[in-house]
């Protein structure tokens, strides 16, 4: 009886309290609700497709998991094996670093040179810019990788052209010393998008700086080294970081050109290709997760290193 | 900052190092034209190879076919058990759904970040920027396990549903930058007139943001059309193959026997991207210059 009375009181009290609570909720809702409503799809995606999977993949990297049986905890065994007993990992690291070190500087140098030529009041700028940009747009597709595979084959277009000059070229894609170079050339061929960013950066440099310098009798080379290059360092830095991270993640061209093998003799075994083989070829999901985390670590270390060293060479005006 | 670069991209060219003499000018053009030819030569050669008679493909390095013959297109189209029409259709479906997902979900989130006040806004914005840095490999395997358990492998759902959850956070960033440039007085006036956030989003922000929505849509389309990794993992049934997977199967099955058909289908696969390049070049170039997009 007392309990019933209590509950009656409680209900009564609740009825009295409700408008106030509702008011508080309503005002909270009015203040923050709309924001969270608009953000809802992204929030669901962030928890369900990014944060959750990232945590899961960190856990899986300490397990042995083949998709069929439940993951089995193995401690740091995956990482230990990667570091000490996996020659393919060592090969993949070597190939990937070689690719980064060769492709990024060539690509950026070329992009900067062409951007400088185009910036100097060339007629038909928009036409040239369009032509140079087109490969960047098409380059990621399988069609271009297929074309590349033909271009650098033993009986491919490049060797036909060389034959006209009396040179007998090797089969570039099936020779372990040259295969990586075909991928480097493919990357440099796509110099258009960093070029556009350089062009935008060049336009930001005030013209009166050059006018003042040439009044003082500074030569064009001196103007380039003393004005253009220092003022462009933020853009160079940006392009270098973006292109390097992209190069670490490259996949499609190596996959198509090597037929998914990373051959000949692992010479095009990009890191991501190795990760793919482990995960979806051998179904070693735990091991592949460990590989993924090592890739993240490498990219994070590289990015941190770039930002730390940037204060010594990147010139920030403001 | 963004506006400054945006306008500088389309501004008339400055001549910072002074105009060149006629000789210098000719040299520069000669260099640029030579570079253009070298850049385009492989592409043009592929197109010309696709319309050559089969026996002539490797005999010639010239760009001009002796006769035009579309037999390669017919052979290529029906070169696999399932025709390329199916692959093109699949690619189109995935790409269009991706465009819709990206534009809707990213613009909703961008509007919240750019205009609405709510607790934790800066925190979530920082998190969103942080996700841009994370390589997708980290989430790849658990996502695969998730979609496998949902029974989504061999459907387009794993490729499309994440886009409706704004998984391409890059476009959120792009849109936030643009929305911030729209004068606040417009929303304030609308709010005075009793418009809620939905109406402001729908009636003011979206109509005024067509350039950035178009940029996001075009890049979404091109990236999805060209995507190889996602389809490679999630689509194993040939009926669901996208054009990129179809081409890859064609290379593997015919590797040296039917280059004509392969080049014909490769050329066709580039047509949609080329179309966007031709008609929306300015949007693409501005998009890259203002944000430093990867491609």
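The values are calculated or read from the model by the stated rules, or taken from the named source; none is laboratory data. Everything numeric here is computed off the predicted structure, so don't read it as measured data. Cβ: placed from backbone, ideal geometry, glycine included. Neighbour counts: every protein chain shown.
The residues of region A:215-231 that are in a helix (DSSP H, G or I) and more than 7 Å from chain B (Cβ to nearest Cβ), listed by number, are A:215, A:221, A:222, A:224, A:225, A:226, A:227, A:228, A:229, A:230, A:231. For residue B:284, the requirement of being at the interface with chain A (Cβ under 10 Å from one of its Cβ atoms), touching a helix residue (DSSP H, G or I) at 6+ places or on another chain (Cβ under 9 Å) and in a helix (DSSP H, G or I) is met. Can you pull out every residue in region B:252-276 that is surrounded by fewer than 20 Cβ atoms within 10 Å (Cβ to Cβ) and in a helix (DSSP H, G or I)? Scanning region B:252-276 gives B:252, B:253, B:254, B:268, B:271, B:272, B:274, B:275, B:276.
Restricting region A:271-318 to residues that are in a loop (DSSP other than H, G, I, E, B) and without any contact (Cβ under 8 Å) to a residue 24 or more places away in the chain, the residue that is nearest to residue A:251 (Cα to Cα) is A:282. Looking at region A:63-75, is at least one residue surrounded by 17 or more Cβ atoms within 10 Å (Cβ to Cβ), part of a helix (DSSP H, G or I) and at pLDDT 90 or above? No: zero hits. Annotation note: of B:80, B:43, B:63, the sole residue that is in a loop (DSSP other than H, G, I, E, B), surrounded by 13 or more Cβ atoms within 10 Å (Cβ to Cβ), more than 7 Å from chain A (Cβ to nearest Cβ) and modelled with pLDDT of 85 or more is B:80. Restricted to helices (runs of 4 or more DSSP H) entirely inside region B:117-219, those with at least 3 residues that are under 30 Å from residue A:66 (Cα atoms) are B:121-133, B:137-149, B:157-164. Can you tell me which condition residue B:88 does not meet? The list is (1) more than 21 Å from residue B:224 (Cα to Cα); (2) more than 7 Å from chain A (Cβ to nearest Cβ); (3) in contact (Cβ under 8 Å) with a residue 24 or more places away in the chain, and all the others hold. Exception for residue B:88: condition (1). Condition test on residue A:192, is it away from every other protein chain (no Cβ under 12 Å) and within 25 Å of residue B:42 (Cα to Cα)? For residue A:192, the condition - away from every other protein chain (no Cβ under 12 Å) and within 25 Å of residue B:42 (Cα to Cα) - is not met. Across region B:241-250, the number of residues qualifying as assigned to a helix (DSSP H, G or I) and surrounded by fewer than 24 Cβ atoms within 10 Å (Cβ to Cβ) comes to 4. Regarding region A:131-141, can at least one residue be identified that is surrounded by fewer than 20 Cβ atoms within 10 Å (Cβ to Cβ), at pLDDT 90 or above and within 7 Å of chain B (Cβ to nearest Cβ)? Checked against the condition, which is being surrounded by fewer than 20 Cβ atoms within 10 Å (Cβ to Cβ), at pLDDT 90 or above and within 7 Å of chain B (Cβ to nearest Cβ), region A:131-141 yields at least one hit.
For residue B:114, the requirement of being within 12 Å of chain A (Cβ to nearest Cβ), in a loop (DSSP other than H, G, I, E, B) and more than 20 Å from residue A:52 (Cα to Cα) is not met.
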